[in-house]
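Structure record follows, encoded as structure tokens.
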Amino acid sequence: MPTISVGRDRLFAALGKTYTQEEFEDLCFRFGIELDDVTTEKAIIRKEKHLEEEETGEDEEVIYKIEIPANRYDLLCLEGIAQALRIFSGQQEMPKYNVANISRESIIKMHVKPETVSIRPYVVCAVLRGITFDEGSYNSFIDLQDKLHQNICRRRTLVAIGTHDLDTLHGPFTYEALPPSSINFVPLKQVNNFRADELMEFYKSDLKLKKFLHIIESSPVFPVIYDSNRTVLSLPPIINSAHSAITLKTKNVFIECTATDLTKAKIVLNTMVTTFSEQCERKFEIEPVEVIYSDGKSYICPDLSVYSMEVSLSYITGAIGVPLDAVKVTSLLNRMQLSAVQSVSGDDSSDITVSVPPTRSDVLHPCDVMEDVAIAYGYNNIKDIAIAKGYNISKGRAVSLRPLPLEEFSHLVRLEMAMCGFTEVLSFILCSHNDNFAMLNHEDDGSTAVIIENPRSSENETARTSLMSGLLKTVGQNKAHPKPIKIFEVGDVVLLDETGDVGATNRRQLAALYCGATAGYEICR
């Protein structure tokens, strides 16, 4: 899940209210996000440079690191988080985003050449007119692009974002694909002119940009965007031109997104323009751009249309397990940025009509609506009996479901261990090969453990065959804890099994550990 770093004071100013850390943690929890860490800018720099920790000074800006769901692209910057929390807290009404009413003759045009089909066939554009940046919002604007590039854009392979100072350019624009030797421009943060093929060599030593070169460097043609004076705007997905770089003084921002996936390009563009349209002279209004393809087809973007979804009230209440009326459900959805009204069909069964705004690209199915109702209602307010009741999705009604016998028995074992004074721990099923064998003085016979073929790290080399490594590591990390330490774990281990359909089987085990000056086997027995 993405973690967003925001300045605490800027965030509280945007929220219009000051919170204690505990109050803000509670607000985040109720909204479905998490305050992951509290640090400072200098502490982050010291950590990156592996310098010794120093005491935090009073003049250091406090940074909140907030963990958000991976599909909530609208929360990837301070402005998005602040607006969502204001709406959730009832401090602000949901904004209505509008496309500026401009005549067909006056609208800015982007002409797409047919050669782009071979490399990055799609482009979508928009203009933020009359925007006002300060240092904080400017940095947030740039940071949002980086976060989107790492997230939905899949490291620029699916979508690449270019932002430009429109006042330095002259429309109409053209999106072309040309041989790299015929493209010349001064790239961002440089003073010398480069050919596109020379630029590939130049950026092979750049720590940030070299990881994107592979996307186009083997292609006979490179994508490039020009204005009417043949001034280069960008060489997507690598770098923008220095000529059109945005600054704190920029008032009109031209945004272009080139892509191999048109749907994701539209989501990215909508996220950029809706997040920062509040800072435009005409709030929540975005100036459109007409994209004209070589086959004569043309499209006006961005598409800020709101689509409606009918969701059964019984589906929502049955899945959550809490009896809620339609008025309450619509109120909860409005807090989650989903405009909802009650609609009654002919058979007197209540439905909820939900209007999904362009900011909520994560809402694809009635289950997403139901989840937002549960979040706004509060998971802590849903009783255990409601969760245990279960829900039959295929029939759309609540039914009585019993837990699996293994889970019932495991629950009883956990209760007995807790009543004996032991504290439960949860450790990862994947562990290092060394922890699973050498650290337990066990030999790997090659026929017991499931080995991960391409582990992402040394901590994920094998599936555990014993719970003891997790308990011992827990004690190792808590040596300063007052003795005795009494911990246990009930969990699965994974063993090779040639008779199984996947070649392995899970086994549920119990492990207990007592650490103290007078520890003896009889205590655990």
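Determine the sum of side-chain charges near ASP368: Lys and Arg each +1, Asp and Glu each -1, restricted to other residues whose C-beta is under 9 angstrom from that of ASP368.
Computed value for this residue: -2.
Which one is right for this structure if mean projected area of the Cα convex hull in nm² is calculated from it: (i) 27.2; (ii) 33.0; (iii) 25.3?
It is the one labelled (ii).
List the aspartates and glutamates whose alpha-carbon lies under 18 Å from that of LYS383, not counting same-chain residues fewer than 8 positions away?
LYS383 reaches ASP325, GLU371, ASP372.
Could you give the angle, 0 to 90 degrees to the nearest 10, between helix 405-419's Cα long axis and the longest principal axis of the Cα atoms of the chain?
Rounded to the nearest ten degrees, it is 70.
Could you tell me which residue out of ALA463, PRO302, SER241 lies farthest along the dipole of the chain toward its positive end? Charges go on the beta carbon: Lys and Arg +1, Asp and Glu -1, centred on the Cα centre.
Looking along the dipole axis, the top candidate is PRO302.
Any chance you could list the semi-axes, whole Å, largest first, of the equivalent ellipsoid that the Cα gyration tensor gives for the stretch 213-258, using √(5λ)?
Working through the eigenvalues yields semi-axes of 23, 12, 9 Å.
Going Cα to Cα from LYS249, which aspartates and glutamates come in below 12 Å? Please leave out same-chain ones fewer than 8 positions away.
Once the sequence-local aspartates and glutamates are set aside, what remains near LYS249 is ASP134, GLU135, ASP165, ASP167.
Report, in whole Å, the centroid distance computed from the Cα atoms of the stretch 446-473 and the stretch 111-155.
Cα centres, the stretch 446-473 to the stretch 111-155: 42 Å.
Note down the Stokes-Einstein diffusion coefficient of the stretch 137-263 in µm²/s, whole number, using a Kirkwood radius over alpha carbon pairs, 10 °C, and 1.306 mPa s.
107
Using the Cβ atoms and a cut-off under 10 Å, what net charge is assigned to the surroundings of SER89, where Lys and Arg are +1 and Asp and Glu are -1?
Net local charge, SER89 excluded: +4.
Name the residues whose placed amide hydrogens come within less than 5 Å of the amide hydrogen of GLN91, ignoring near sequence neighbours (fewer than 5 apart) on the same chain.
It is none; the list stays empty.
Let me test this: with uniform point scatterers at the alpha carbons of the stretch 461-521, what is the Debye-based log₁₀ I(q)/I(0) at q = 0.24, 0.28, 0.30 1/Å?
-0.98, -1.16, -1.24
For the chain, what % of the accessible area comes from carbon and sulfur atoms, probe 1.4 Å?
Of all accessible area on the chain, carbon and sulfur atoms account for 51 percent.
List the extent of the Cα atoms of the stretch 307-380 along each of their three principal axes, largest first, rounded to whole Å.
So the three principal-axis extents are 33, 31, 18 Å.
Using label points projected 7 Å from each Cα along Cα→Cβ, tell me how many nm separate LEU248 and SER181, to one decimal.
Placing both labels 7 Å along Cα→Cβ, they lie 4.5 nm apart.
Once the Cβ-Cβ distance between LYS210 and TYR138 is put in as r, and R0 is 30 Å, what FRET efficiency do you end up with, to the nearest 0.05?
0.70
With charges only on Cβ, +1 for K and R and -1 for D and E, what is the dipole size of the chain about its Cα centre, in debye, rounded to 20?
Dipole about the Cα centre, nearest 20: 700 debye.
Ranked highest first by the average count of other Cβ atoms within 10 Å around their residues, in what order do 193-205, 10-22 fall?
Final packing ranking: 193-205, 10-22.
What are the aspartates and glutamates whose alpha-carbon lies under 14 Å from the alpha-carbon of LYS42, with same-chain residues fewer than 8 places away excluded?
The reachable aspartates and glutamates, counting only those whose Cα sits under 14 Å from LYS42, are GLU52, GLU53, GLU54, GLU55, GLU58, ASP59, GLU60, GLU61.
Applying the Karplus parametrisation 6.51 cos²θ - 1.76 cosθ + 1.60 with θ = phi - 60° to the phi angles of the stretch 162-171, what ³J(HN,Hα) value in whole Hz is obtained for each residue in order, glycine and proline being reported as x?
Working through the residues one at a time gives x, 10, 9, 7, 4, 5, 8, 10, 9, x Hz.
Whole number in Å², please: accessible area per residue of the chain, 1.4 Å probe, ligands, DNA and RNA not counted.
Counting only protein heavy atoms, the per-residue value for the chain is 53 Å².
Can you list residues from other chains, or at least 5 along the same chain, whose modelled amide H is less than 5 Å from the amide H of GLU287?
Close amide H contacts, sequence-distant or interchain: ALA100, VAL127, ARG129.
Residue by residue through the stretch 129-134, what is 3J(HN,Hα) from phi via Karplus (6.51 cos²θ - 1.76 cosθ + 1.60, θ = phi - 60°)? Round to whole Hz and write x for glycine and proline.
9, x, 7, 10, 9, 10
How much net charge surrounds VAL413 when only other residues with a Cβ under 11 Å from its Cβ are counted (Lys, Arg +1; Asp, Glu -1)?
Residues near VAL413 contribute -3 overall.
Take the cross-link list LYS113/LYS297; LYS96/LYS266; LYS65/LYS479 and give me the ones stretching past 21 Å between alpha-carbons.
From LYS113/LYS297; LYS96/LYS266; LYS65/LYS479, over 21 Å: LYS65/LYS479.
Per DSSP H run of n ≥ 4, the term is -39500 (n - 2.57); total these for the chain, divide by its residue number, and report the mean residue ellipticity at 222 nm rounded to 500 deg cm²/dmol.
Here the helix-only value at 222 nm equals -8000 deg cm²/dmol.
Which ³J(HN,Hα) values in Hz, rounded to whole numbers, follow from the phi angles of the stretch 465-481 under the Karplus curve 6.51 cos²θ - 1.76 cosθ + 1.60, where θ = phi - 60° and Gly and Pro get x?
Along the stretch 465-481, the couplings run 10, 8, 7, 5, 4, x, 5, 5, 5, 4, 5, x, 7, 10, 4, 7, 5 Hz.
The values are calculated or read from the model by the stated rules, or taken from the named source; none is laboratory data. Note that the structure is a prediction, hence the values are computed from the model and not measured. When we count neighbours, we look across all protein chains shown, and the Cβ atoms used for this are built from the backbone with ideal geometry, even at glycine. Heads up: the accessible areas ignore ligands, DNA and RNA and are worked out on the full protein's heavy atoms, side chains in. Shrake-Rupley method; radii C 1.70, N 1.55, O 1.52, S 1.80 Å.
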